[in-house]
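Working notes for the structure below.
FYI, it's all coordinate maths here, none of it is from the lab. Computed from a predicted structure; not experimentally measured. Cβ placement follows ideal geometry from the backbone for every residue including glycine, while neighbour counts extend to all protein chains displayed.
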Amino acid sequence: MAYQIEWLEETEAELKVFSKSFRMTIKRKVEKIASGIPETLKLSSIQLIRGQQGLAIQGRLYELDIGSGARAAFVINVDKQTLTVYMVGTHDYAYENYLKSAAKRLGP
């Protein structure tokens, strides 16, 4: 069953760093993940984000390695069957901001 995809407003702004064609690649990859949950969460390009246990967030945080150094971070809400992309960026930006962005954008 396909999960509904939500993009946070902040994420839409982060996408503008990438070329238009690469933004389409990012969106297609996210759509592929959402269409095959839970099987797609086992792909080698998907990892649980470490350190998320200390955050007051409903759902589980994952990172998607998109290629060419780009990463997307998303939260899965099984009850609502949503995949919410809460951060997109380069490798360094992503690793520095996975937890900070989650706390700020997804927290209470």
Verdict on Glu31 being under 20 Å from Tyr3 (Cα atoms), crowded, with 19+ Cβ neighbours inside 10 Å and not hydrophobic (A, V, I, L, M, F, W, C):
no
Scan segment 44-81 for residues that are of a type outside the set (A, V, I, L, M, F, W, C), surrounded by fewer than 16 Cβ atoms within 10 Å (Cβ to Cβ) and closer than 19 Å to Glu10 by Cβ and jot them down.
Gln58
Please find, among Leu41, Leu8, the residue that is of a type outside the set (Phe, Trp, Tyr), surrounded by 13 or more Cβ atoms within 10 Å (Cβ to Cβ) and more than 25 Å from Pro108 (Cα to Cα).
Leu41
Number of the exception - Ala2 against (1) within 15 Å of the chain's Cα centre (by Cα); (2) surrounded by fewer than 16 Cβ atoms within 10 Å (Cβ to Cβ); (3) not β-branched (Val, Ile, Thr):
(1)
Give the residues of segment 78-108 that are closer than 15 Å to Gln58 by Cα, within 11 Å of the chain's Cα centre (by Cα) and without any contact (Cβ under 8 Å) to a residue 60 or more places away in the chain, sorted by residue number.
Ala102
